[in-house]
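The structure appears right after this line, and notes come after that.
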Amino acid sequence: EIVLTQSPDTLSLSPGEGATLSCRASQSLTRSYVAWYQQRPGQPPKLLIYSTSSRATGIPDRFSGSGSGTDFTLTINRLEPEDFAVYYCQQFGRSPITFGQGTRLDIK
Amino acid sequence: EVQLLESGGNLVQPGGSLRLSCAASGFRVSDYGLTWVRQTPGKGLECVAGISGDGGNTYYGDSVKGRFTISRDNSKNTLYLQMNSLRAGDTALYYCAKNQRFLEWSPVDSWGQGTLVTVSS
């Protein structure tokens, strides 16, 4: 099983700042098979990024993804109040499909 | 607008069975794979099962293989999850989700609100 480890567990920032969230895989991943989701309290997850760097429909360009091999990053520029949520990475290149444990982005 | 409405969640005893349903609308259901994802506070998110647009291919997470069966009826725009031999560890909020592609596994780009399954004596 590919284990995805996200860091940090919690990130406290202020609106307007930038955020960098990390997802490290226990084995090398194909870029096509890495996605990122956002989950706000009481809501289901929402697809942000697929294929490492492609934004899903309706996702603002403040969100960007990058990475290769075992290291992948979600970057959020100019944090808006609605961006404070939990973020998950996912890999579906090898069975079983796995998610990271999540990074909580809190308002400082 | 894509809508996914889950039903069937309930309290069930260990060893029991339950069938979840998901009514899909707002898109051509047969063009997309569908997935069941569950979430618990302790174990986070887990892809339980997925099925391709035509039902010909399926995916199961390791923890449910041999116990759960995913199926779909495109004529009724409905996804199912038959859960047998339920365990306490299956307790979770179960989401129905639309895949981004026809395949049984791909990113999921729409989610329902979830249905709660509790396995307890």
TODO: Could you run through the range B:52-77 and say how many residues are more than 15 Å from residue B:106 (Cβ to Cβ), surrounded by 19 or more Cβ atoms within 10 Å (Cβ to Cβ) and within 12 Å of another protein chain (Cβ to nearest Cβ)?
DONE: 3
- [ ] Identify the single condition in (1) without any contact (Cβ under 8 Å) to a residue 60 or more places away in the chain; (2) within 14 Å of chain A (Cβ to nearest Cβ); (3) in a strand (DSSP E or B); (4) surrounded by fewer than 16 Cβ atoms within 10 Å (Cβ to Cβ) that residue B:116 does not satisfy, given that it satisfies every other one.
- [x] (1)
Task: Residue in the range B:26-46 that is nearest to residue B:100 (Cα to Cα), counting only those that are open to solvent by 10 Å² or more (accessible area, probe 1.4 Å) and hydroxyl-bearing (Ser, Thr, Tyr) - done: B:32
Task: Residues within the range B:54-76 that are under 14 Å from the mean Cα position of the chain (by Cα) and either charged (D, E, K, R) or over 14 Å from residue A:97 (Cβ atoms) (or both), tallied - done: 8
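To keep it simple, each residue is scored yes or no on (1) over 17 Å from residue A:88 (Cβ atoms); (2) in contact with a His (Cβ under 6 Å, 6 or more places away or on another chain); (3) in a strand (DSSP E or B); (4) not charged (D, E, K, R).
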| residue | (1), (2), (3), (4) |
| --- | --- |
| B:6 | yes, no, yes, no |
| B:9 | yes, no, no, yes |
| B:15 | yes, no, no, yes |
| B:22 | yes, no, yes, yes |
| B:38 | no, no, yes, no |
| B:46 | no, no, yes, no |
Open item on the list: Which condition from (1) away from chain A (no Cβ under 14 Å); (2) surrounded by 15 or more Cβ atoms within 10 Å (Cβ to Cβ) is the one that residue B:108 breaks?
Closed with: (1)
Open item on the list: Within the range A:71-107, take every residue that is of a type in the set (A, V, I, L, M) and within 12 Å of residue A:37 (Cα to Cα) and give me the one that is nearest to the other protein chains (Cβ to nearest Cβ).
Closed with: A:86
- [ ] Determine, yes or no, whether residue B:49 is more than 14 Å from chain A (Cβ to nearest Cβ), out of contact with any helix residue (DSSP H, G or I) (no Cβ under 8 Å at 6 or more places or on another chain), in contact (Cβ under 8 Å) with a residue 24 or more places away in the chain and crowded, with 21+ Cβ neighbours inside 10 Å.
- [x] no
Task: Enumeration of residues in the range A:25-68 that are within 11 Å of the chain's Cα centre (by Cα), in a strand (DSSP E or B) and not aliphatic (A, V, I, L, M) - done: A:36, A:37, A:38, A:39, A:46, A:50, A:63, A:64, A:65, A:66
Open item on the list: Quick check on residue A:60: is it open to solvent by 10 Å² or more (accessible area, probe 1.4 Å), out of contact with any strand residue (DSSP E or B) (no Cβ under 9 Å at 6 or more places or on another chain) and more than 24 Å from residue B:94 (Cα to Cα)?
Closed with: yes
Open item on the list: Being at pLDDT 95 or above, in a loop (DSSP other than H, G, I, E, B), open to solvent by less than 10 Å² (accessible area, probe 1.4 Å) and more than 12 Å from residue A:11 (Cβ to Cβ) is the filter here; which residues of the range A:69-108 pass it?
Closed with: A:100
- [ ] Only one of these is of a type in the set (D, E, K, R) and modelled with pLDDT under 95: B:43, B:65. Name it.
- [x] B:43
- [ ] Within the range B:78-94, count every residue that is under 16 Å from residue B:61 (Cβ atoms) and open to solvent by 10 Å² or more (accessible area, probe 1.4 Å).
- [x] 7
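The values are calculated or read from the model by the stated rules, or taken from the named source; none is laboratory data. This one's a predicted model, so the numbers in the text were calculated from it and none came from an experiment. Note: ideal-geometry Cβ built from the backbone for every residue, glycine included; neighbour counts use all protein chains shown. Remember, those area values only see protein heavy atoms, side chains included, never the ligands or the DNA or RNA. Shrake-Rupley method; radii C 1.70, N 1.55, O 1.52, S 1.80 Å.
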